[in-house]
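A.B. asks: Pasting a structure below so you can have a look.
The values are calculated or read from the model by the stated rules, or taken from the named source; none is laboratory data. Predicted model only: the values in this text are computed from it and were never measured. Reconstructed Cβ throughout: ideal geometry from the backbone, glycine too, with neighbour counts over all protein chains shown. Side chains are part of the model used for accessible areas, which takes the heavy atoms of the whole protein and leaves out ligands, DNA and RNA. Shrake-Rupley method; radii C 1.70, N 1.55, O 1.52, S 1.80 Å.
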Amino acid sequence: MNQIILEAKNISKSFGKTQALKNVDFYLNKAQIHGLLGENGAGKSSLMNILSGIYQPETGSIYIEGKKIKKLNPDLAARFGIGMVHQEFRLINNFSIKDNLTLSRSNIYKDNFEEAFEKYSDIFSLSAESKTLINELSVGEKQKIEIMKLIFNNNNIMLLDEPTAVLTPQETNQLKISLKKLSSEDNKTIVLITHKLKEIQEFTESIFVLKDGVMVAKDLKTQSVTKNDLITLMMGEIKISKVRKDNLKGNNKLEVKNIFFENNHSNVPTLENISLTVQSGEVLGIAGVSGNGQVELANIISGIEREYKGKVIVNGKNISNQGVRARKNLNLSYIPENRLGVGLAPGVSIIDNSAVKDYFKSRLGPHLSSNKMLDYLNLLIKQFSIKAPDPKAEVSTLSGGNMQKLLMGRELISNPEVIIAAQPTRGLDVSAVEALHELIIKQRDNGAAVMLVSEDLDELFKLSDRIIVLYEGQIVREFKIDEADIESVGLAMAGSIE
Amino acid sequence: MFDIQLMGLLNATLQAGTLLFIAALGELITEKSGILNLGVEGMISVGAVSGFMVAVNTGNLFLSVLIGIFSAALFSSLHAFVTVILKQDQTVSGLILTILGLSLSALMGKKYVGKKLPVKIESLVDIDEPSNIYEVLISQNYIFYLAIFLMVATSFILKKTMFGRRLEAVGEDSRAADSMGLNVNKTQFIATCVGGGFSGLAGVYLTLSYVPYWTDNMTSGRGWIALALVIFGGWKPYRTAIGAVLFGFLEALVPRLQTYGFELSPYLVKITPYAITIIILVVLTIYKGGRTGAPNNIGIPFFRENR
Amino acid sequence: MNKYLISKKIVTNDLSTFYSFLIGLSVGITIGSIILLVQGQNPIEVFSLMLRLSVGSIKSISSSLNKATPLILAGLGISIINSVKLWNIGAEGQIFMGGIALNFMYISFEISNSKLSIILLLLSAFIGGSICILLPAAAKVLFGVNEIITTLLFNYIIIGFTVYLVNGPWKDPNSLNFPAATYVGKEVYLPTVFGRLSYGFIICILCTAGVYYLKEKSVFGYELRISGGSALTAIYAGINAKQKAFIAMLIGGGLAGLAGGVELLSQTHRVSTGLSQGFGYTAIIVAAITGMRPLGIFLVGSLFGALTIGGTVIQTMGVSSYIADVIQATTLFGALISQFFFTYKIMKVSEDV
């Protein structure tokens, strides 16, 4: 009989209009490795943030070792031994490993640090010395320190948010061994938050699946479920597309030839020999788990990233060496993945943000006509039914859906020839998603060539005419939509090509 | 004769350097916690005038020093309140702290301009014209030895003690420090007040020994030099001390240049430390990829994430 | 035990800067009054005298506005640079550099037409200010060197350079006690509009309008706003954010230099260490208190000019002129503190189990 160490009952949480979690039940068995599976936006992070006390749920209660906790906050969670490894590390780069492990108020290895460090270095097969500075470590090593930090802080419940996203296959394998040792030898309770099926099957003993804020499966025994079961649970039944696919396709509007790209800043997969074409009136879906080169590809096509090898051709014109402005003049629109921060400038007004694409069209020499800008914004508001009461208010005061409508409206109102849309509907509610999908289809029917980057398979299947799967910077599969099925696309995304 | 002149120069260098160093060390502690306080000039001034006022009125040296330190620390808590608790812009707040400190101290000290001190901070050994380095070193003011002690202590505390490492952790990465259960706001508040206290000590030294009298604006830019010193020293106590000696040397050298028969303009000599500091900053930024030794989170207010 | 969390309010009041200023001003006046009371003065008497002597007559109003001119010009420069979220702490040095460049032009070239001469001299003051910020600006955009520190350090370099000039090469032999450069000729004095009001104030009005236009209505201002909002959005929009920031810094430094030029041609008539009396620092207060809005800088700058004049003249009553500085500084502290409550919401988090 398993001992339940932590239990969350009937948890609900919403942000504005979107409900992130709906009456979710979740529990952890002591000294087991659990998997929490779900797509992006399924509510995994919200749930973990509630367990570590950062968010307050609207309903529900949390029990730790059977005791009900009224209002969990980060300090309290830490005191009960709940610790989380975030995707961005919380390590102090200029400090030594030892400092990072011991400065915490709840450090339990004050006197026998060396002994403990040796023991866990062994478990994690870490070769660095304790006086090594964090910034001299590789990403994989840093992550080991992050997990060790939890151990040194006496956190017996360890929540790991996408820990393998930054790891090489070898490091991933090593992590698996270390975590198994931690749970079996050290009685640690571990949660692995991920959307990678392969890992969840290899790492865990028990699996929870979240879909659209609902816990669709609880405490599944890992041995007794198949990959296909998990895909169905995670992605849901694929709805039959209501979108007409009788669209007429025309000339090649966007051609990408033999793109090679190396990213020096991190060990995100580089792009290797990417070639693709998108025809007029066609939607090409780019499937893939985030971080497999999609953002880089979109940045290269839109002219933001200039250091690459290969060719980008729009309407037969080679634009490989041209900048953002020149590509915009060819009527190429880019809806970036990062809505607020890239597509829209936070802290700047709605009206200013509405003009980012075409502000030079509202200019008269050095003069920028505020009337023209306002007319333009009002047109956007009307045409794309954006709810924006005050044009001078900061853009971040808009809801996520309205922000995205503003961004997409701005990029689409000129009926662009080529549209690059990255994660256009992520984190939005159903009605906003519907409206944005209609926009994309309308552009397609107008003869635009659309490249849709998405992790949401429903979306890809609904809108695309063809789907290309990117994995570690390479095109691993290409499907025509009527030949594609969700399982094989999902498997290709997870890196297994049968 | 030449020896005595040289020793005089050394003596003046150490005296000028001590003042700059104490203020810079205080600012270093504040900045290590991630808070930039541009109000050093104002804090020195507040410490200087309050110490002087107490000395004139009571004749009690110990009390004067204590009040000088305390009043500057209290004054700096205004900056701490506005920037740490209320998360307002550190640049703006620090600058006004300087303007406020200078004008407040001028107002407070108005009746004390030209007053004679009944007491003065003593030297360890009284030697009128030291003739060798040993004599210079033992004939310094008590504050000089205190400054050396503070340098060693600060360096030790920052590098070797849990308290110091935690202070630095807050200034390096307040989010990570928060995840370690450290109280970011409290640490920054205390570090800001400690920095103020150090400036107060520098101020007391100014009015009770270095000059010693009170007049408006007598800090004459030393607070800003202290800020430059922290950068010069790469946020390290010992290197800051070397910088202080260099800046002190130039301050001491300037009035003596003519007697030595140099044609060099003393006014241009005075500029050199600032120019050197800028060059060092630029070179460090270029070659160390931005790692000038500055705490990572300096100037950035800390918000705990919450929804 | 309770803990408090703070987070940004989603909707902020558009007029919050104005309200904060009013609250700040009342804090400033209150603290000023307390200090006066402690010193045995009657605050109402002092303040009414200050009011009378700073805005009570055409003569005093024009003195106040003359005093406000360098504050406003330097403040405008700071506000342009802050459009890209950068700070210029070096306005004080740039003011001096403006004066130095002007004087250099004056003694190097002889121009018979005095109007043309004045224009060229002011232009060189502007360029002088730009040169003064050139290195910090280049270091910032090329290598990311912290501009707060470099612009600050340049103040001391330029002021030291000024001291050198007025004691050395430019020293006026007739000025024995106070080291200063030789006076410029009367033909290049800025004329007065009426009373004592210098044409410098007209320049100031024009610059306010110009900076307002540049920041709010021009393509350049738009590109600055986007660059300041998010560097990534600027790249995405095809804006060369670094180049824009560089130009903004040169213009901002130039305006501070112009402040020095106007001050020289209308007030001091020569280069000396008294060319700026901390105008560059007060200008930062003026710019910060108004949330970097040009019209606000114009109004608050005028008010602070009057306050400074009021502070100077009440010295005859035996009241220190520093009271004006205290009021200005506490006004900004008051405004900063009240601004907090307009921008943030505070939540109580219970610590009980």
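A.B. asks: How large is the Kirkwood hydrodynamic radius of the range C:276-353, in angstrom, based on all distinct alpha carbon pairs?
C.D. replies: Averaging 1/r across every pair of different Cα atoms and inverting gives 14.5 Å.
A.B. asks: Take peptides A:334-347, B:149-162 and line them up by average Cβ neighbours within 10 Å, highest first, as a rough protection proxy.
C.D. replies: Ranked by mean Cβ neighbours within 10 Å, highest first: A:334-347, B:149-162.
A.B. asks: Something else about it: Under a plain spin-label model, where a point goes 7 Å from the Cα along Cα-to-Cβ, how far apart in nm are residue A:243 and residue C:15?
C.D. replies: 4.9
A.B. asks: If I ignore ligands, DNA and RNA and count only protein heavy atoms, how much of residue A:363 is accessible to a 1.4 Å probe, in Å² to the nearest 10?
C.D. replies: About 90 Å², ignoring ligands and nucleic acids.
A.B. asks: Considering the dipole of the range A:4-235 built from charges on the beta carbon (Lys and Arg +1, Asp and Glu -1) around the Cα centre, which of A:157, A:101, A:201 is farthest to its positive end?
C.D. replies: Checked the options; the winner is A:157.
A.B. asks: Ignoring everything but the protein chains, give the 1.4 Å probe accessible area of residue A:71 in square angstrom, nearest 10.
C.D. replies: Counting only protein heavy atoms, the figure is 90 Å².
A.B. asks: With a 1.4 Å probe and every protein chain kept in, tell me what percent of the accessible surface of the range B:2-287 is carbon plus sulfur.
C.D. replies: Values: 7180 of 10700 Å².
Roughly 67 percent, rounded to a whole number.
A.B. asks: Additional query: Before anything else, pin down the relative contact order of the range C:16-144: Cα pairs under 8 Å, at least 6 apart, normalised by residue count, whole percent. Walk me through the intermediate numbers first.
C.D. replies: Values: 57 pairs, mean separation 20.7, N = 129.
That works out to 16 percent.
A.B. asks: Tell me: how much accessible area in total is hidden between B and C, 1.4 Å probe, Å², nearest 100?
C.D. replies: By this definition, chains B and C bury close to 4200 Å².
A.B. asks: If you roll a 1.4 angstrom probe over the protein chains with everything in place, what fraction of the accessible area of the range A:252-493 belongs to carbon and sulfur, to the nearest %? If you can, show how the numbers build up before the last one.
C.D. replies: Numbers: 4360 of 9260 Å².
Carbon plus sulfur share of accessible area: 47 percent.
A.B. asks: To continue, here is another question. Report the trypsin sites (Lys or Arg not before Pro) located in the range A:387-423 that are in a DSSP loop and have at most 16 other Cβ atoms inside 10 Å of their Cβ, or state none. It would help to have the intermediate numbers written out before the result.
C.D. replies: Numbers: sites: A:387, A:392, A:405, A:410; in loops: A:387, A:392.
Filter output for the range A:387-423: A:387, A:392.
A.B. asks: Let me confirm one metric for peptide B:107-118, namely the mean number of other chain beta-carbon atoms within 10 Å of its residues' beta-carbons. Don't skip to the end; give the middle numbers.
C.D. replies: Values: counts 12, 5, 2, 5, 1, 0, 0, 0, 0, 0, 0, 0.
Neighbouring Cβ atoms belonging to other protein chains average 2 per residue here.
A.B. asks: Now for a different question. Extension gain residue C:192-residue C:167, at 0.36 nm per residue separation less the Cα-Cα distance, in nm?
C.D. replies: Working: separation 25, 0.36 × 25 = 9.00 nm, distance 3.08 nm.
That works out to 5.9 nm of additional length.
A.B. asks: Does any residue of the range A:83-106 lose at least 30 Å² of accessible area with all protein chains in place compared with its chain alone, and if so which ones (probe 1.4 Å)?
C.D. replies: Listed by number, the residues meeting the 30 Å² cut-off are A:90, A:92, A:94, A:95, A:99, A:103, A:104, A:105.
A.B. asks: Relative contact order (percent) for chain A, with alpha-carbon contacts under 8 angstrom and 6 or more residues of separation?
C.D. replies: It comes to 15 percent, rounded to a whole number.
A.B. asks: Report which residues of the range A:316-339 become buried by 10 Å² or more of accessible surface when going from the isolated chain to the complete set of protein chains (1.4 Å probe; DNA, RNA and ligands ignored).
C.D. replies: A:324, A:325, A:328, A:334
A.B. asks: So which residues of the range C:232-281 lose at least 30 Å² of accessible area, probe 1.4 Å, when you go from the chain by itself to every protein chain present?
C.D. replies: For the range C:232-281, once contacts with the other chains are taken into account, C:232, C:233, C:235, C:236, C:237, C:238, C:281 lose 30 Å² or more.
A.B. asks: What whole-number value in Å² describes the accessible area per residue of the range B:2-287 for a 1.4 Å probe? Mind dumping the intermediate values first?
C.D. replies: Values: 10700 Å² over 286 residues.
Each residue of the range B:2-287 exposes 37 Å² on average to a 1.4 Å probe.
A.B. asks: Could you give the Stokes-Einstein D for chain C in µm² per second, using the C-alpha Kirkwood radius, 10 °C, 1.306 mPa s?
C.D. replies: It comes out at roughly 74 µm²/s.
A.B. asks: Determine the distance separating the Cα centre of the range C:74-143 from the Cα centre of the range B:104-156; give it in Å without decimals.
C.D. replies: 41
A.B. asks: What number comes out for accessible area per residue over the range A:194-350 if the probe is 1.4 Å? Units Å², please.
C.D. replies: On the way: 6920 Å² over 157 residues.
Here the per-residue accessible area is 44 Å².
A.B. asks: Just tell me how shielded A:348-360 is by partners: mean number of partner chain Cβ atoms within 10 Å of each residue's Cβ, no decimals. Intermediate values should be presented prior to the final figure.
C.D. replies: Details: counts 8, 2, 0, 0, 5, 6, 0, 3, 9, 3, 1, 6, 6.
Per residue, the average neighbour count from other chains is 4.
A.B. asks: Still on this model: Using Cα positions and a limit of under 16 Å, work out the aspartates and glutamates in reach of residue C:244, with same-chain residues fewer than 8 apart set aside.
C.D. replies: Hits, sequence-local ones excluded: C:147, C:216, C:223.
A.B. asks: Using mean Cβ contacts within 10 Å as the protection proxy, how do C:326-336, B:22-32, A:413-423 order, highest first?
C.D. replies: Working: C:326-336: 25.9, B:22-32: 29.5, A:413-423: 21.4.
Descending packing order for the listed peptides: B:22-32, C:326-336, A:413-423.
A.B. asks: log10 I(q)/I(0), Debye, Cα-only the protein assembly as shown, no solvent, q = 0.05 Å⁻¹?
C.D. replies: Results for the protein assembly as shown at q = 0.05 Å⁻¹ read -0.40.
A.B. asks: Given the peptides C:304-315, B:45-56, C:283-294, arrange them by the average over their residues of other C-beta atoms within 10 Å, most packed first.
C.D. replies: Final packing ranking: B:45-56, C:283-294, C:304-315.
A.B. asks: I would also like to ask the following. Any idea of the total accessible area buried by the A-C contact, 1.4 Å probe, rounded to 100 Å²?
C.D. replies: The contact between C and A buries close to 2600 Å².
A.B. asks: Given bins 5 angstrom wide, list per bin the percent of all Cα-Cα distances in the range A:322-390, short to long.
C.D. replies: Answer for the range A:322-390: a P(r) of 3, 14, 22, 25, 25, 9, 2, 0 percent.
A.B. asks: What is the ratio of the Cα radius of gyration of chain A to 2.2 N^0.38 Å, with N the residue count, to two decimals?
C.D. replies: 1.04
A.B. asks: Follow-up. Could you work out the percent of alpha carbon pairs in the range B:2-287 separated by over 33 Å, rounded to a whole number?
C.D. replies: Counting pairs separated by more than 33 Å, the tail of P(r) holds 21 percent.
A.B. asks: To continue, here is another question. What average count of beta carbons from other chains do you get within 10 Å of the Cβ of residues in B:278-286?
C.D. replies: For peptide B:278-286, the averaged partner shielding equals 5.
A.B. asks: Report Rg(Cα)/(2.2 N^0.38 Å) for the range A:94-246, keeping two decimals. Write down the numbers at each step before the final one.
C.D. replies: Working: Rg = 18.9 Å, N = 153, 2.2 N^0.38 = 14.9 Å.
Against the empirical 2.2 N^0.38 Å value, I get 1.27 for the range A:94-246.
A.B. asks: From the helices alone, meaning DSSP H stretches of at least four residues, give me the mean residue ellipticity at 222 nm for chain B, per-run term -39500 (n - 2.57), in deg cm²/dmol to the nearest 500.
C.D. replies: -22000 deg cm²/dmol
A.B. asks: Which whole-number percent gives the relative contact order of the range A:4-235, counting Cα pairs below 8 Å spaced six or more residues apart? If you can, show how the numbers build up before the last one.
C.D. replies: Values: 440 pairs, mean separation 67.3, N = 232.
Contact order relative to length: 29 percent.
A.B. asks: Take the alpha-carbon centre of the range A:359-407, take the same for the range A:1-76, and report the distance between them in whole Å.
C.D. replies: 39
A.B. asks: Counting each DSSP H run of 4 or more residues in chain C as -39500 (n - 2.57), what helix-only mean residue ellipticity at 222 nm follows after dividing by all residues, to the nearest 500 deg cm²/dmol? Don't skip to the answer; put the middle values down first.
C.D. replies: Working: 13 runs with 238 residues, N = 353.
Only helices count here, giving -23000 deg cm²/dmol.
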